[in-house]
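What follows is a single structure, written as structure tokens, with notes after it.
The values are calculated or read from the model by the stated rules, or taken from the named source; none is laboratory data. Here the structure is a predicted model, which means the values were calculated and not measured. When we count neighbours, we look across all protein chains shown, and the Cβ atoms used for this are built from the backbone with ideal geometry, even at glycine. We work out accessible area using only protein heavy atoms, side chains counted, and drop any ligands, DNA or RNA first. Shrake-Rupley method; radii C 1.70, N 1.55, O 1.52, S 1.80 Å.
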Amino acid sequence: MASAHPSAPRATRQGEFDPMRKFVRVRELRKDGFVEFDFAIGEPEIYVEMILHADAFDDFCADNQVEFLTDEPAAEDEQQWRLSQTSGRQFK
């Protein structure tokens, strides 16, 4: 009997989801002392945009024992945008 909620094929995943793995991709080191970065738990492709002062960023990374990502996310297209790019824009 087929499951009511089929899972994604294992071939598309590179490993099991591990909520203990945390990832950071630094986007910008700002002149005002803040760090703009992406933070992900379990899977680096699903992240939130964050900003912290450099000292707080260092503590955040140490507390969470993050893995730093240096590559750009794959398959960026015109549909994707960053929250920081929306400053001053109005959406309909």
Checklist outcome for this item: Arg10 vs (1) open to solvent by 70 Å² or more (accessible area, probe 1.4 Å); (2) over 14 Å from the mean Cα position of the chain (by Cα); (3) at pLDDT 95 or above: all pass except (3)
Checklist entry - Can you pull out the residues in region 27-60 that are farther than 28 Å from Glu16 by Cβ, open to solvent by 40 Å² or more (accessible area, probe 1.4 Å), of a type in the set (A, V, I, L, M, F, W, C) and outside any helix (DSSP H, G or I)? => result Leu29, Phe34, Ile51, Leu52
